[in-house]
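Enquirer: The structure under discussion is supplied below as structure tokens; questions concerning it will follow.
The values are calculated or read from the model by the stated rules, or taken from the named source; none is laboratory data. What you are looking at is a predicted structure, and each value in this text was computed from that prediction instead of being measured. Note that each Cβ is placed from the backbone with ideal geometry, even for glycine, and that neighbours are counted across all protein chains shown.
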Amino acid sequence: MARRLMIAGNWKMNNTYAEAVVLCQHISNNFCKEWDDCVDTVVCPPAIDLKGVWGVFEFDNMPISVGAQNVHWEPSGAFTGEISTGMLKEIGCQYCIIGHSERRTLFGETNEQVNLKLKALLEAGIAPIVCVGESLEVRDAGTTDEFVCAQVRAAFAGVDAGKAKQCVVAYEPIWAIGTGRTATPEQAQEVCAAIRATLTDMYGAEAAEAMRVLYGGSMNPGNVEALVAQDDIDGGLIGGAALKAESFIDLVKAAYAQARK
Ligand code: 13P
């Protein structure tokens, strides 16, 4: 498979600055640089921890990237509480999560806003990690693929193939997030394949084959292998298991082993 696997940790609203630096130092101390031969490793801490986390990896010369969990689409202005792409870029952010289901459901983030954020990030040279995923009601109604693929189309509206190739899509079924109830590898593969088919329809096979589609939702060292072994699953976006250095390291190690097969 030509695509590099990606293991990205989404810390959500966890870890003070001091805790973040300690956790990253622990990750750095146990990271093996050869994993970077076939796996992209990303840590997405709260915004206030970004610079400190980036500094630890930079000082240790570790091939681990830093990503934000949210961004505003305007370059600057009267948007109290918000953070711009330029601010993220200056402190070393290479990725930014957008459209996470927690932001959509708890903070009202819409498909239109996800699209604006995606375009602003690409403009700034930051790779978006675009989250999509269905609720249990949608799954039970049997309309998962339609729902998720409509989210993909909305997120990428007006974006050309060259730019789209820089993006990562993360399929995160809402019912699997933080619940310990992982989608089976077959369930996750089916939706990730539908996402890639949508990207193929929008951008052609060459671009769609180059784009990473991650799975997220109770991924852990015990289930990562079976998930990343699927044809259309190119890694994971991990919450809980990314909060401990040991399990995060085990996830990267497992992805590396899979990529080497
Ligand atoms: P968990 O791994 O804790 O289920 O969280 C997944 C997630 O939402 C990552 O963005």
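Enquirer: Could you run through the stretch 95-109 and say how many residues are of a type in the set (Asp, Glu) and either within 20 Å of Gly9 (Cβ to Cβ) or within 11 Å of the ligand (Cβ to nearest atom) (or both)?
Expert: Going residue by residue through the stretch 95-109, those that are of a type in the set (Asp, Glu) are 102, 109.
This time we only want the ones that are either within 20 Å of Gly9 (Cβ to Cβ) or within 11 Å of the ligand (Cβ to nearest atom) (or both), so: 102.
The qualifying residues number 1.
Enquirer: Turning to a different aspect of this structure: Of all residues in the stretch 41-68, count the ones that are assigned to a loop (DSSP other than H, G, I, E, B) and more than 15 Å from Ile238 (Cβ to Cβ).
Expert: The initial filter retains those residues of the stretch 41-68 that are assigned to a loop (DSSP other than H, G, I, E, B), namely 45-46, 60-63.
Next cut, more than 15 Å from Ile238 (Cβ to Cβ) only: 46, 60-63.
Qualifying residue count, the stretch 41-68: 5.
Enquirer: Here's a check for you: in the stretch 155-180, which residue that is buried (at least 16 other Cβ atoms within 10 Å of the Cβ) and part of a helix (DSSP H, G or I) is nearest to the ligand (Cβ to nearest atom)?
Expert: Ranking the candidates gives Ala176 first.
Enquirer: Next question. In the stretch 182-205, which residue that is within 22 Å of Asp40 (Cα to Cα) and in contact (Cβ under 8 Å) with a residue 40 or more places away in the chain is farthest from the ligand (Cβ to nearest atom)? Walk me through it before giving the result.
Expert: First, pick out the residues of the stretch 182-205 that are within 22 Å of Asp40 (Cα to Cα): 185, 188-189, 192-193, 195-196, 199.
Those left that are additionally in contact (Cβ under 8 Å) with a residue 40 or more places away in the chain: 185, 188-189, 192, 195, 199.
Values: Pro185: 16, Ala188: 12, Gln189: 18, Cys192: 15, Ile195: 16, Leu199: 20 Å.
Checking each candidate, the answer is Leu199.
Enquirer: May I ask you to list the residues in the stretch 123-144 that are touching a Ser or Thr at 6+ places or on another chain (Cβ under 9 Å) and either acidic (Asp, Glu) or in a helix (DSSP H, G or I) (or both)?
Expert: Of everything in the stretch 123-144, those that are touching a Ser or Thr at 6+ places or on another chain (Cβ under 9 Å) and either acidic (Asp, Glu) or in a helix (DSSP H, G or I) (or both) turn out to be Glu123, Ala124, Glu134, Val138.
Enquirer: Right, something else. Determine, yes or no, whether Lys12 is away from the ligand (no atom under 16 Å from the Cβ), of a type outside the set (A, V, I, L, M), within 23 Å of Val168 (Cα to Cα) and modelled with pLDDT of 95 or more. Give the derivation first.
Expert: On the way: away from the ligand (no atom under 16 Å from the Cβ): no; of a type outside the set (A, V, I, L, M): yes; within 23 Å of Val168 (Cα to Cα): yes; modelled with pLDDT of 95 or more: yes.
In short, no.
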